[in-house]
Amino acid sequence: MGKLFDSKPAKFPKNNSEEYNSVIKLLDILDKNRIKPDPKLIDKFPNTDGEITVVDELQHPIGKCEIQIKTLPDTKVKTPKYQCDLPFLSHCETSLLPVILIAVNAQSEIAYWLHIDRITLEDLSKKIKGDSISVSFPFNNQITRTEKKYIDEWTGIIEKYIERKLESEALEKYKKKYEELIEIVKSYPRPQHSIGIEDLKSLNIFIDTLNNSFDIEFLAIKEVVFPGFWKISITYTDFDENRLSFAIIPIQYGENDLLLREMTSMTPIIRDRMARNIISHYMENPIKKAPVEYAFSLIKNETLEVIEKRYLKLICNPLVFESLTEFYDYSHSILPFELKDYFDIKDFAEVINDYIPIWVEEFSKISKNVPINNTLYFDIENVFWCNFPEDLDKVTEIAKARFSKNEFSEFKIQYINKEFSIEDLKDSLEFLKNQELSKFKRPFPSKSYDKPSGFVYSWYTPDTAFEKLRFVYSELPKVYDLFIKTYFNKLYEDLRYYCSFDLLIVNINYGTIFKALSDSPSIELYYLKSIEESKPDTRLFLNSEECPLSRTNHYEAYNNGIEIDGIKYKLISSSFGIIDGLYDKSTLQTLLYKTLKSRFEDYFKTKTSNKYG
């Protein structure tokens, strides 16, 4: 991406008494209990005056941001503005921390602030004509001895910045972490190897196993962990019977580089900056002893991390239906329509795209959620847990009226709740639209959040819990197999849902009275392998009614087998416990990734031992 501002950052400036007074006054009026400033006074360093650390009430650091402190003349106290130059804007564009511009009027003991974020920079880049541009401060963005609202807003900026940075880097971080390491290694001459032929052979087998697996069976993992790279190379320092130190370095497409390289030592900067790439063993050498098994242990670690963090996404009808239904059930009290058996996709899209932003804007007025650079940050869960129902009803009434008149919001809404990602909901609706679907049937009954009980179990009755779990367990085999075919097609026969069993019996124990943890609902899972040919199936039972297996008689099925509907089965495994994920906002998705993790753990047991992770 090209830079927005064609300028270099500022030079080191001379001291200035006016700026000195502004810095001193800002330090005087800041709340030092929550804001820990450490400005480099009088612009000893260019571009900004230093950093501040925001802490919570217990003095735990939340995060840092850079500040640039400028003097605000008396004539501009009521209409605060500052003339920003290109070097400062250029620095804001490349800064690794959020940058806050602060204009201080020492005589009035007031300061105004503005977060110079990407949206602000893009807006300014379209308007700037010379070497500088006038930037206005929102009048409500004040810092005084009594006005403390800026603390929460700066906290929000830092938290959102960290969150957005983590989200945006979820895939990019794997690529960026190698760049400096590659440059360092390239600076070394291509040495002769000091180890013997058999050791080189072990390294060859190790590298081949990694590259072949990442190019074929685990290509989806490679595309996340090593995005845009051709092959994996190994640079090693120590390689003997009981010691091994090496770095994994990916090779870019178009590069003519070595797959195997020996170095005399790992430089301090590699150890400091690229620690995730450096692997050392001081009691054994697993590449020498078991190169294939050790390679699969590394593939296993990368695969499980990608699955656990849900970097591989799947969009299909069951998951889409679940996410849209759960969103409606959770937020229906603030929505402008009532849905029962069917969901109209067009109506749903209008609510997500048009109505919700109106509601957020109106809610911000009662919650005093001040927009930052025309952006409102919104967490839907905080709405229901931190506000009175009557206040929400008032907001909803106003929002419905505006929605009916097409009075849309002009604010940008930044949704920060990951469980209800509005962007994911938009993608889901677009997915259904591309199928030319106009509506879909409610896949399961809604939860009831208003039951007078302190237990989440009361959100369901036995029947509604059973219906929800019947949807989940009937769709799970199809969704799971689709995920494997999409991302791990070469492993489908080894990982398909019914690869190790033919019948899954699910018995759900769900009561109606919840006064203690002993009343918790539970689930019994019985996995059976047919002795004769049969069609794979999953069957659900409620409260053991007609269930052919139970905790008391399942041992006999282990030893002697059991006949169900005229087909003989052998019980191969069973489990008992709480009902996992039923009270989450995406039960099917939760169970999908849990099943994927479990199946890959079992798969890698056939490839590598726990000895190597």
Within the stretch 599-613, can you find the residues that are part of a helix (DSSP H, G or I), of a type outside the set (Ser, Thr, Tyr), surrounded by 14 or more Cβ atoms within 10 Å (Cβ to Cβ) and more than 25 Å from the chain's Cα centre (by Cα)?
-> PHE604
Would you be able to say whether some residue in the stretch 218-226 is over 32 Å from the mean Cα position of the chain (by Cα), of a type outside the set (D, E, K, R) and surrounded by fewer than 20 Cβ atoms within 10 Å (Cβ to Cβ)?
-> no
Residue hits (the stretch 190-247; part of a helix (DSSP H, G or I) and aliphatic (A, V, I, L, M)) are ILE197, LEU200, LEU203, ILE205, ILE207, LEU210, LEU219, ALA220, ILE221, VAL224, VAL225
If you take the residues of the stretch 555-583 that are assigned to a helix (DSSP H, G or I) and over 28 Å from GLU467 (Cβ atoms), which of them is least open to solvent (accessible area, probe 1.4 Å)?
-> TYR558
When the stretch 346-404 is checked residue by residue, the ones that are touching a helix residue (DSSP H, G or I) at 6+ places or on another chain (Cβ under 7 Å), open to solvent by 30 Å² or more (accessible area, probe 1.4 Å) and aromatic (Phe, Trp, Tyr) are TYR377, PHE403
Regarding ARG551, is this residue more than 27 Å from GLU322 (Cα to Cα) and basic (Lys, Arg)?
-> yes
Residues being modelled with pLDDT under 85 and in contact with an Asp or Glu (Cβ under 8 Å, 6 or more places away or on another chain): count how many of those fall in the stretch 127-160.
-> 1
All conditions in (1) touching a residue at least 60 places away in the same chain (Cβ under 8 Å); (2) in contact with a Pro (Cβ under 8 Å, 6 or more places away or on another chain); (3) among the β-branched types (Val, Ile, Thr) are true of VAL472 except (2)
Filtering the stretch 584-598 for residues that are over 17 Å from TYR311 (Cβ atoms) and open to solvent by 30 Å² or more (accessible area, probe 1.4 Å) leaves a count of 3
Checking ASP56, ASP49 in turn, the sole residue that is surrounded by 13 or more Cβ atoms within 10 Å (Cβ to Cβ), at pLDDT below 90 and in contact with a strand residue (DSSP E or B) (Cβ under 8 Å, 6 or more places away or on another chain) turns out to be ASP49
Spot the failing condition for SER409; the list is (1) open to solvent by 40 Å² or more (accessible area, probe 1.4 Å); (2) within 26 Å of SER136 (Cα to Cα), and only one is missed.
-> (1)
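The values are calculated or read from the model by the stated rules, or taken from the named source; none is laboratory data. Predicted, not measured: the structure shown is a model, and the values here were computed from it. Neighbour counts are summed over all protein chains in view; Cβ atoms, including those assigned to glycine, are modelled from backbone coordinates with ideal geometry. With ligands, DNA and RNA removed, areas are computed over all heavy atoms of the protein, side chains included. Shrake-Rupley method; radii C 1.70, N 1.55, O 1.52, S 1.80 Å.
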